[in-house]
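Participant: Take a look at the following structure, please.
Values quoted throughout were computed directly from the atomic coordinates according to the rules given, and no laboratory measurement underlies them. These numbers come from a predicted model, not from an experiment. Note that each Cβ is placed from the backbone with ideal geometry, even for glycine, and that neighbours are counted across all protein chains shown.
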2 protein chains.
Amino acid sequence: MSEFKGKFDALCAEFERVLDEYLNAVSLEPSVLDESFRYSLKIGGKRVRPVLMFASAQMLGGKISDVAALAVALEMIHTYSLIHDDLPAMDNDDFRRGQPSSHKKFGEGQAILAGDALLNQAFVICLDECRKGRTYINAAALIAANAGARGMIAGQAADLFYQGKDAGETEYEFIVRNKTAKMIMSAVAVPAYVYGADDNIAALLLEYGKNLGMLFQLTDDMLDVSGEFEKLGKTIGKDEKEKKISAVSVYGAEKCRQMAEHYCELCLKLLAQLPYECSFLEDFTRYVLGRDK
Amino acid sequence: MSEFKGKFDALCAEFERVLDEYLNAVSLEPSVLDESFRYSLKIGGKRVRPVLMFASAQMLGGKISDVAALAVALEMIHTYSLIHDDLPAMDNDDFRRGQPSSHKKFGEGQAILAGDALLNQAFVICLDECRKGRTYINAAALIAANAGARGMIAGQAADLFYQGKDAGETEYEFIVRNKTAKMIMSAVAVPAYVYGADDNIAALLLEYGKNLGMLFQLTDDMLDVSGEFEKLGKTIGKDEKEKKISAVSVYGAEKCRQMAEHYCELCLKLLAQLPYECSFLEDFTRYVLGRDK
């Protein structure tokens, strides 16, 4: 596993370099917009989506630079969703990764605008990448579709709608499939689109991303309940544990563990069908399953 | 002027038809997202940006259908900006066009997500249009740039930042140039990009859009002060008049009127340089100048 950690950290460092390069070329007015735009992008985070995208690109025989801009765009979309999620009207989180959340630092109005700006600039980047040709248009369109009203936002709207309501397995699955899994699907499948890989390769990667997303959210929810989140630097929102739908409340802890193992197996089976050396994604999958230990 | 009104209404009706066609093909989950997404798009509004885009396309010898999807995208961006602008943390407007604003109808969280969804789906449309070729990529990139952190959002962030502060002409001009004019620039110049018109044609239309945007905001601010807004179906936010920067507070009513006339003249001069029959845009410009009478 230490080889995996080393590779993960290297890809993560590569992403930070790419992101800094992007941010160094950007200067926004007014200064509050410039600061709030940078703040949430640089506040840290595990960079799961860019790392997955880079690893997938390398697995397919490509280079990080082929998807670097799209990885920045995807992380910007992820970041905007966290800013808006943290707002009082949503999860009401004062902290994000151990730092004040955007609205605590810049005020609610500027936080809303910082989120809007990140989402918009993600598509400025995507549209710029479209000039590289049709495969990039397909990749950018995948990012947009999975982030939007039939993707992540649908999951967020359902998550918010069912807060405090009697939600069951169907609702939980809808939320996670959209809110979490769609962005993971983009991360792993974008390189297949960029390289114009066969449809069955793209389909396998999308299916892998979907199941990895489910696994990711299940173990996230289990970590949440076991109180291990604080150790990872995340501070839980005031009443979040009570009101949010969690795998543990829907399925119970025991079934959660079984389901996580099931999704992990599914992921590994899908990877085994790929005609590529995919040990990093295998290790990543196992890491997600075992991270609460 | 009645011929102008007839043409305006016809282009507006054409846009409603295009928008309905788009919305009829869309079905979102959960239902609260579907409803909030449609609600703000169909709540009315003058459809200034789509009408300008259609008129510009026709002036350049093209068809409405060439830019119909991009007009929907632009109106979706405009609509999301109004939803987020109306939020308590921003302008705190309970009403929009005589109807409850999105957050009053669906709650703040869902309103934030409805705005996010509209912005995101605008770029789903733009990326789909990119498949038509390079000129469409250029047009979509213009929309994204002018809506974003160096366009409309920069203006909104500055507008919010200077609320209640001692803002002068420089600040006011920055706000209007970005918040209002950039979207108008997209509306009139997108067809030039789509048709691959000469650079000087695109430049003239961008400059026209910039000055029309200034004129538009100046007369908006004057209408605001003269209390004529209510007649037009707009309800002013609780303390908006007091705290928001307005041309009237910055320049005084007399200079506002002179400036509006100046921008109107500039617009007409720019149109006169175009090798096209542009009586509709001329009439539109004069209409904006005279609409408080």
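Participant: Quantify how strongly other chains surround peptide A:124-133 by giving the mean number of their Cβ atoms within 10 Å of each of its Cβ atoms.
Facilitator: 5
Participant: Mind pulling the per residue volume of the convex hull built on the Cα atoms of segment A:140-221? Å³ is fine.
Facilitator: It is 80 Å³ per residue.
Participant: Taking every residue in A:142-149, how many Cβ atoms of other protein chains lie within 10 Å of its Cβ, on average?
Facilitator: Taking the mean over all residues of the peptide, I get 6.
Participant: For B:Gln273 and B:Glu254 in the same chain, what is the full-extension length gain: residue separation times 0.36 nm, less their Cα-Cα distance, in nm?
Facilitator: Stretched fully, the B:Gln273-B:Glu254 segment lengthens by 3.9 nm.
Participant: Taking only C-alpha pairs under 8 Å that are 6+ residues apart, what is the relative contact order of segment A:104-206 in percent?
Facilitator: Answer for segment A:104-206 is 26 percent.
Participant: I've got another one for you. Restricting to Cα atoms and excluding each atom paired with itself, what does the Kirkwood estimate give for segment A:49-90 in Å?
Facilitator: After inverting the pairwise mean of 1/r, the radius is 11.3 Å.
Participant: Could you grab the relative contact order for segment A:1-149? Cα pairs under 8 Å, six or more apart, rounded to a whole percent.
Facilitator: Reported as a whole number, the value is 23 percent.
Participant: What's the exposure ranking of A:Tyr287, A:Tyr208, B:Tyr263, going from fewest to most Cβ atoms within 10 Å?
Facilitator: Exposure proxy ranking, most exposed first: A:Tyr287, B:Tyr263, A:Tyr208.
Participant: Can I ask one more? For segment A:2-290, what is the convex hull volume of the alpha-carbon atoms per residue, in Å³?
Facilitator: Residue-normalised Cα hull volume stands at 121 Å³.
Participant: Among B:Thr170, B:Ala154, B:Tyr287, whose Cα projects farthest towards the positive end of the dipole of chain B, with charges put on the beta-carbon of Lys, Arg (+1) and Asp, Glu (-1)?
Facilitator: Highest projection toward the positive end goes to B:Tyr287.
Participant: Considering the dipole of chain B built from charges on the beta carbon (Lys and Arg +1, Asp and Glu -1) around the Cα centre, which of B:Ala187, B:Leu119, B:Cys278 is farthest to its positive end?
Facilitator: B:Cys278
Participant: Here's something else I'd like to know. Using modelled amide H (1.01 Å from N, peptide plane; none on Pro or chain starts), what sits under 5 Å from the amide H of A:Phe95, excluding residues fewer than 5 places away?
Facilitator: A:Ser101
Participant: Related question: Just to be sure I understand: if I project the alpha-carbon convex hull of segment B:1-151 onto a plane and average over all orientations, what area do I get in nm²?
Facilitator: 9.9 nm²
Participant: Moving to a separate point now. Taking each pair of different alpha-carbon atoms in the protein assembly as shown once, compute 1/r for the pair, average those values, and report the inverse of that mean as the Kirkwood hydrodynamic radius in Å to one decimal.
Facilitator: 24.8 Å
Participant: Please get the size of the charge dipole for segment A:102-202, origin at its Cα centre, with Cβ charges of +1 on Lys and Arg and -1 on Asp and Glu, quoted in debye to the nearest 20.
Facilitator: The calculated dipole for segment A:102-202 is roughly 300 debye.
Participant: Partner chain Cβ atoms within 10 Å, averaged over the residues of A:74-83 - can you pull that number for me?
Facilitator: 1
Participant: Compute the relative contact order of chain A as a whole-number percentage, counting only Cα pairs closer than 8 Å that sit 6 or more residues apart in sequence.
Facilitator: In percent, rounded to a whole number, it is 19.
Participant: How big is the charge dipole of the protein assembly as shown about its Cα centre, in debye rounded to the nearest 20, if each Lys and Arg gets +1 on its Cβ and each Asp and Glu gets -1 on its Cβ?
Facilitator: The calculated dipole for the protein assembly as shown is roughly 400 debye.
Participant: Now for a separate question. Return the FRET efficiency for the residue pair A:Ala25, B:Ala10: r is the Cβ-Cβ distance, R0 is 35 Å, and the value is rounded to the nearest 0.05.
Facilitator: 0.20
Participant: If eta is 1.306 mPa s and T is 10 °C, what Stokes-Einstein diffusion coefficient results for segment A:72-145, Kirkwood Rh from Cα pairs, in µm²/s?
Facilitator: Calculated translational D: 122 µm²/s.
Participant: Using Cα springs under 10 Å in a Gaussian network model of chain B, which residue among B:Val67, B:Val26, B:Val250 shows the largest mean-square fluctuation?
Facilitator: Sorting by GNM fluctuation, first place goes to B:Val26.
Participant: A further question follows. Charges at C-beta only: +1 for Lys and Arg, -1 for Asp and Glu. How large is the resulting dipole of segment B:2-290 about its Cα centre, in Debye rounded to 20?
Facilitator: That gives segment B:2-290 a dipole magnitude of about 240 debye.
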